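No lab work stands behind these numbers, since they all come straight from the coordinates. Quick caveat, the model's predicted, so the values are computed rather than measured. Virtual Cβ from ideal backbone geometry, glycine too; neighbours counted across all protein chains shown.
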Amino acid sequence: MLKEMIRKMVMEPDFMARIQNGQLQLAGISALEQRALMDVMQDRKPDESLRKTVYWC
Amino acid sequence: MKDFEVRIMSELVEYAEAFFKVEVLREAALASLQVKQSESLLFGKLTVLHYRMFGGEDSEIYRAAAAVELMILGLDIIDDLQDEDHNDMPWHMLSKDIALNLAIGFLTLSQEVLLECAFPLDRIHKSALYFNRQILVAINGQTLDLLNAIEDEAYYLDMVKQKSAALLVCACMTGVIMATGQMDERVADYAQEVGIAAQIKNDYRDLLDWGNKNDFLRRKRTLPLLYLLSAAEDQADSWIGDYIAGRLELEEVLPRSGEFGAVVERTGTALYTSVRMRSHYYRFLSIIESMEIDPKWRDLMIEAAR
């Protein structure tokens, strides 16, 4: 469900804007995924921390 | 925790000098330990942190932390030999047969050091059992990774739990067992989440970096690549699926690195990977924040996991 939601978000900017504005409910994804999605979107760019190396893997 | 690095390095160097008798092995072992120190000895730190978190006060825990670091180092070397990765590391300066002996030496030395810890024997026994079982889990996970037969996210997560998270769980649980004589499933659960989040982060880095080890060019199936394959459906992006399926050769896609980054952004691969990584991190936070532990140790664990 998260996968489909993100694909729709990147294809339809209006859909993404409505989620960011809280106009659409994030049904079908877990509370933790909702929190993560909202946090990442508030950054408005790919998570920079993703680019850092984690050396224990 | 402040003198942690000095204390654990002292243990590591002492054991390496005592057991690696052949000069070429001893020199490579000491150089390898210096690499570990430069990476902050995170696994050993987690062992000490969890020992303190669960009420342990003995300085003998530094020896157990050294055992954990030796185990990780041995497995790191094997992993690099298999992946032909991190070519600047000291073990790559050796021939492969000698490097393999170095790795086996570190793994065996980790057991020696663990068994020599001056903790109650039942705790050492329980810890050694846990140690070995987690290593075996990691070896199974590493084999799944080498087979590169991942078809979906469930398979990927199963592999990551075994290959990466099991070792992080082991580092934390060694401290818990030495402090209490028991395992704590909550620690296993949150350490696993940290391990998964870290692996997703590394896999995203290895997808984008075409200058070094690159998972796309090696056709390595990871969570970001699986998403990208499912999302890159436009005709203009079909070369991505064609390359992974073997219908295009390496030299045909090498000139397209700039284009690749744009596809990753446009398809939401960065967004999806970021959300998945953060979800696992938040699951870790949710578990550790529900535990009745000294906030000092909890906050140190949260800092270590960032």
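A few comments on the model shown:
- Debye, to nearest 20: dipole size of chain B, +1 on Lys, Arg Cβ, -1 on Asp, Glu Cβ: 500 debye
- Nearest-20 debye value, segment B:1-156 charge dipole, Cβ charges on Lys, Arg, Asp, Glu: 620 debye
- Crossing angle, helix B:96-116 versus chain B [Cα axis fit, 0-90 degrees, rounded to tens]: 40 degrees
- The mean number of partner chain beta-carbon atoms within 10 angstrom of a residue's beta-carbon across peptide A:2-10 is 6.
- When the Cα positions of B:94, B:290, B:255 are compared along the charge dipole of the protein assembly as shown, B:290 comes out farthest toward the positive end, with charges on each C-beta of Lys, Arg, Asp and Glu.
- Distribution of pairwise C-alpha distances over segment B:87-126, 10 Å bins, in %: 27, 33, 22, 17, 1
- Crossing angle, helix B:269-289 versus chain B [Cα axis fit, 0-90 degrees, rounded to tens]: 20 degrees
- Around residue B:113: net Lys/Arg minus Asp/Glu count, Cβ-Cβ under 10 Å: -4
- Label-point separation, residue B:245 to residue B:97 (7 Å along Cα→Cβ), nm: 4.5 nm
- The charge dipole of the protein assembly as shown, taken about its Cα centre with unit charges on the Cβ atoms of Lys, Arg (+1), Asp and Glu (-1) only, comes to about 640 debye.
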